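The values are calculated or read from the model by the stated rules, or taken from the named source; none is laboratory data. Small disclaimer: the values here were computed from a predicted structure and weren't measured. All Cβ positions, even for glycine, are placed from backbone atoms using ideal geometry, and neighbour counts span all protein chains on display. Protein only, heavy atoms only, side chains kept; ligands, DNA and RNA dropped before computing areas. Shrake-Rupley method; radii C 1.70, N 1.55, O 1.52, S 1.80 Å.
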Amino acid sequence: METIIQAVELMFSWPVLVALLIGSIGGVVIGAIPGVGPAVAIAILLPATFSMEPLVGLTLLLGIYGSSMYGGSLPAILINTPGTAVNALTTYDGYPMTKRGEALRALGLAYGASFFGAVLSILILILLSPVLAKVAPMFGSREIFLAALLGIILVIIAHKGQMAAAGMLAGLGILLQSVGMEPVNYTMRYTFGLDWLTSGLDLIVVVLGLFALSQAFQLIVEPDSAPDAQPVSGSMFRAMCEIWKYRRTAATGGGFGVLMGIIPGVGEFTAQFLSYTAARKRSKTPEMFGRGSPEGLVASESANNAVPAAAMIPLLALGIPGEALTAMMLSVFYVHNVVPGPGLFQNQLDFVYALYLSLLLLNVIVILWMVVSSNLLIRIIRIPTRFLGMAILVLSFVGVYSLRNSAMDCMIAAGFGVFGLILKRLNLPTVPIILGMVLGGIMEVKLRASMGRIDSLLDFVNRPIAALLVLAIIVIVGQSIRTSIRDLRARHEESNKPHQNKA
């Protein structure tokens with residue numbers, strides 16, 4: 001109880017509350033603008049958070065992360081264009097409801113489901129924190145190395161149909177992380193005699209290039225557009241209260257969000273589709289899914305909003321980010337010499353509780369804001385895309401230059417921006433590069449730290465958690481190979497059918 005009181009005192013300082021207010025409202029606005037998304041906003045704001053206290057900076061970024069999905073549901077429902085990538089499934093049932101004249105009901109269900117899933121997730125994780133405080137110290141260097149390796153494997157497997165590309169891009173991220181002076185023997189790696197590579201490639205410069213600048217370039221080169229959305233009328237609060245009718249579906253979605261958020265590399269998309277599939281199987285009207293089913297809308301929105309809080313578990317307990325946004329947040333810890341991992345739950349549990357309580361308050365602020373501001377946000381949806389692109393471009397270069405006052409960093413970021421644009425045009429993922437850079441660094445440090453106590457490969461499995469992680473890696477890789485072989489056989493048989501029919 002004393003820890004929670006200390007956490008409340010930390011959270012109710014005025015800088016944290018201001019950051020929470022700006023992050024939550026700003027995140028909704030960012031989410032409501034198609035083509036921007038939380039990754040771009042967090043990448044732009046990241047340099048500014050380095051001058052803030054850790055809790056203030058993380059609260060600001062978490063505010064944007066957690067609230068952007070609320071805003072992203074608005075254009076998904078009204079104009080069939082998801083504000084953020086994870087709101088894509090919302091269009092399946094949200095837009096058909098709008099076409100039936102039920103836009104207010106759809107928005108109310110989306111906001112209510114988002115709030116239900118997020119609060120359920122946060123409460124579960126607050127209750128789990130004492131357990132994590134006991135489990136986290138069992139992770140030594142080799143366990144964290146294996147957990148980071150498992151994270152990279154899960155990131156690759158999560159890109160089904162693009163696993164080879166995801167694997168190569170994750171490998172590229174690991175290679176980029178190794179550029180510069182290595183920290184043990186101070187030897188140069190992959191610098192080719194160039195002084196500007198001595199300090200390596202800064203993660204934030206790469207992030208701003210791949211996410212913010214690539215998005216700016218894409219918005220600028222595409223035809224200018226300003227989406228049109230009609231205002232809604234009626235009581236939003238009353239529409240939100242209908243979520244109680246679908247509380248079982250929302251609770252299931254929240255549960256999937258928690259489970260998928262804890263596992264590195266999985267995230268919102270898997271949680272959504274599992275929740276959506278489960279809701280359709282249990283529904284009395286499964287034929288309505290994809291045609292304007294309230295249950296489908298609730299299932300997708302409750303699942304994706306439960307993930308942000310759960311995604312903080314591997315980040316805080318092990319120092320392992322599960323996806324690009326938490327990877328960006330990890331840099332805030334490092335700048336302030338706050339080391340996420342087992343020691344954080346042992347020595348700074350009040351800090352962990354303060355983060356979760358901030359997330360809880362964030363969702364209250366957001367839901368109150370959404371009740372009164374939906375029609376105001378509709379005007380923001382209409383901002384021309386090229387204007388947005390130029391604004392993101394300017395802010396991104398300002399953020400990059402402010403890191404080290406280096407024009408070379410701006411050139412590197414621009415290069416990665418072009419590379420990110422090429423990846424977007426080829427429909428290839430950028431997230432594996434960032435996670436490769438972050439997890440590759442963790443793997444190198446932890447492997448080196450553990451090598452002094454390891455004489456053979458069997459020493460990696462001489463402790464229970466290490467053995468479980470190795471077993472999980474073997475099972476997951478084996479299952480993935482089995483699934484790939486089965487899919488190849490199915491495609492081969494399918495391609496042979498026309499020949500057999502002709503014969």
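Worth a mention:
- Span-like helix check, the chain: qualifying full DSSP H segments, with Cα axial length of 20 Å or more and mean Kyte-Doolittle of 1.0 or more, are 14-32, 54-78, 103-135, 141-158, 163-177, 349-381, 385-404, 407-425, 431-451.
- Segment 122-185: mean projected area of Cα convex hull, nm²: 6.9
- Close lysine pairs were tallied over the chain: pairs 8 or more places apart or on different chains with Cα atoms under 29 Å apart number 10.
- The shape of segment 295-427 can be summarised by an equivalent ellipsoid whose semi-axes, obtained from the alpha carbon gyration tensor, come to 29, 27, 16 Å from longest to shortest.
- Using only side-chain charges placed at the Cβ, +1 for Lys and Arg and -1 for Asp and Glu, the dipole size of segment 382-503 relative to its Cα centre rounds to 440 debye.
- Dipole of the chain, positive end: most advanced residue of 5, 172, 293 [Cβ charges, Cα centre]: 293
- Reported value for segment 308-362: 73 Å³ per residue, from the convex hull of its C-alpha atoms.
- Accessible area (Å², 1.4 Å probe, nearest 10) - residue 397: 60
- Distance between segment 114-153 and segment 18-95 - C-alpha centres, whole angstrom: 23
- Residue 196 exposes around 110 Å² of accessible area when a 1.4 Å probe is run over every protein chain in place.
- For segment 28-119, the Cα-based Rg and Dmax, in that order, read 14.5, 49 Å.
- Net charge of the neighbourhood of residue 459, taken over other residues with C-beta under 11 Å away and scored Lys/Arg +1, Asp/Glu -1, is +2.
- Within the accessible area of the chain (1.4 Å probe), percent carbon and sulfur: 66
- Residues in segment 396-503 average 62 Å² of solvent-accessible surface per residue, probe 1.4 Å, ligands and nucleic acids excluded.
- Structure-derived Cα extents along the principal axes in Å: which label, when the choices are (1) 76, 67, 51; (2) 74, 54, 50; (3) 100, 54, 40: (1)
- Nearest-20 debye value, the chain charge dipole, Cβ charges on Lys, Arg, Asp, Glu: 1500
- Cα shape, segment 25-80, gyration tensor, a/c 1.5 rule: prolate
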